[in-house]
Amino acid sequence: LPHLRRHAPTTPELGAVLAPDGSTVALGPLLAGIEAGLRSGGFGRPLPTLDPPADPLLAVTIAEALGTSFLLAQGSDNNVTTLGPGGCWDDVKNPQNYTLRGPPSPVPDPVAIGAMDGVVLGAQLARGPLPVAELLRGYYGTGNGSEAERPPSSYRRRDFRALIGQGRLEKEVGAVLGMLRTLSPSLELLRDMGTQEVAAVARRAAREFSERYVECPAIMPRCLWGARPYQGTPALLQLPLGSVFLHHTLEPARPCWTFSACARAMRDMQRFHQDTRGWDDIGYSFGVGSDGYLYEGRGGHWVGSHTKGYNPQGFGVGIVGDFTASLPDPDTLALVRDELLPCAVRSGHIRPDFTLRGHRQLGHTDCPGNALFQEIQSWPGFE
């Protein structure tokens with residue numbers, strides 16, 4: 001394990017794994033968080049006292065990388081990437097190579113995910129040490145598709161927010177940058193920066209990290225669920241859109257609770273839409289699993305085939321399952337209502353005054369099912 005931790009965070013393909021929950025996790029910050037948790041719980045050497053005071057768990061998982069990323073951007077004349085990007089595995093069933101989908105930063109998606117997991121697991125170990133193998137199996141799940149509930153790792157954003165929050169993250173990033181200023185030699189960019197400038201970097205870093213990785217839901221890219229290529233020439237959406245159309249998939253009828261089951265559901269729906277319906281691609285803009293993740297269908301930029309006559313006007317969001325007689329679980333409802341919709345407004349994909357409608361309001365169909373349609377009538381934007 002030590003040689004994996006030494007890999008540079010800007011090359012996560014050299015030190016990342018595809019976890020059973022479908023997330024790509026950089027091992028460096030994950031293992032650093034586990035080690036910090038064990039040491040703070042009395043196993044191994046005590047953690048060092050940092051000056052100025054900083055939390056060692058946050059310093060080794062996220063604070064230093066996040067502060068450095070935004071510090072480098074502050075000192076650059078170019079449009080430097082500060083967070084992200086994500087990437088793709090060569091083969092989800094037998095993953096060997098992971099490739100970023102854009103220019104790297106000190107905090108690409110796998111590093112952010114590994115850092116959040118390191119914080120969550122490190123804090124858990126500090127309260128009561130467990131065998132690491134048992135800890136990881138329990139956290140990420142086995143991924144065999146038979147589980148009846150989502151793995152704890154799918155709650156990493158919620159749990160990280162509960163442990164840290166944007167305010168504390170800002171404080172810890174500022175403390176780490178302050179500590180780096182005291183080193184000899186210190187980072188060149190820090191030498192001429194005053195206390196207020198350092199605080200501003202920390203504030204921006206914490207805000208943007210929280211907006212991207214904590215407040216917005218995780219979206220599994222097409223490459224990760226094994227999508228076929230688009231079969232035609234996609235048409236661009238004119239953003240921001242004014243509508244969101246909610247669907248249930250009907251088939252598969254059962255909610256999917258794991259990454260493997262949800263990825264299989266997305267592949268089955270795409271095959272049906274392309275081979276039987278004759279569409280260019282899977283119809284939905286996004287699929288919603290009960291595993292805690294969104295799945296990229298047509299995505300946030302291309303016209304879908306989800307609501308006949310209205311496709312260019314809004315996103316089609318399909319929750320996996322048949323919700324005629326019963327509702328999705330409360331966490332899946334919250335994923336759409338409290339995370340996806342507000343995040344889409346903040347990112348400029350939908351207008352603040354967007355309209356939410358069930359599919360049946362715009363066509364001759366029972367979709368999104370009686371139970372789900374009754375539920376969404378109390379949601380913001382419903383008309």
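The values are calculated or read from the model by the stated rules, or taken from the named source; none is laboratory data. Only a predicted model underlies this, so the values are computations on that prediction, with no experimental measurement involved. When we count neighbours, we look across all protein chains shown, and the Cβ atoms used for this are built from the backbone with ideal geometry, even at glycine. Surface areas here come from the heavy atoms of the whole protein model, side chains and all, with no ligands, DNA or RNA. Shrake-Rupley method; radii C 1.70, N 1.55, O 1.52, S 1.80 Å.
General observations
For every residue, the table says whether it meets (1) without any contact (Cβ under 8 Å) to a residue 24 or more places away in the chain; (2) outside the structural domain of Asp331 (by the TED database).
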| position | (1), (2) |
| --- | --- |
| Gly226 | no, yes |
| Pro234 | no, yes |
| Phe245 | no, no |
| Ser260 | no, no |
| Asp268 | yes, no |
| Asp280 | no, no |
| Arg298 | no, no |
| Val303 | no, no |
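- Taken over region 9-27, the criterion of being modelled with pLDDT of 50 or more and assigned to a loop (DSSP other than H, G, I, E, B) is satisfied by Thr11, Gly15, Ala19, Pro20, Asp21, Gly22, Ser23.
- Looking at region 142-261, the helices (runs of 4 or more DSSP H) lying wholly inside it that each contain 3 or more residues that are among the small types (Gly, Ala, Ser) and either touching a Leu at 6+ places or on another chain (Cβ under 7 Å) or farther than 25 Å from Tyr98 by Cα (or both) sit at 165-182, 195-209.
- Applying the criterion of being part of a loop (DSSP other than H, G, I, E, B) and either more than 12 Å from Leu372 (Cα to Cα) or in contact (Cβ under 8 Å) with a residue 60 or more places away in the chain (or both) to the residues of region 325-337, the residue that is most open to solvent (accessible area, probe 1.4 Å) is Asp329.
- Residue in region 63-71 that is more than 18 Å from Arg203 (Cα to Cα) and either without any contact (Cβ under 8 Å) to a residue 24 or more places away in the chain or buried (at least 22 other Cβ atoms within 10 Å of the Cβ) (or both) present: no
- So Gln374, is it surrounded by 15 or more Cβ atoms within 10 Å (Cβ to Cβ) and in a helix (DSSP H, G or I): no
- Filtered by the rule that a residue be of a type outside the set (Asp, Glu), open to solvent by 60 Å² or more (accessible area, probe 1.4 Å) and either farther than 25 Å from Leu250 by Cα or not in a strand (DSSP E or B) (or both), region 338-371 gives Arg346, Ser347, Arg351, Pro352, Arg360, Gln361, His364, Asn370.
- Residue match in region 93-109 (condition: acidic (Asp, Glu), assigned by the TED database to the domain that holds Ala26 and touching a residue at least 60 places away in the same chain (Cβ under 8 Å)): yes
- Qualifying residues in region 117-134 (those that are without any contact (Cβ under 8 Å) to a residue 24 or more places away in the chain and more than 25 Å from the chain's Cα centre (by Cα)) - the one surrounded by the fewest Cβ atoms within 10 Å (Cβ to Cβ): Pro131
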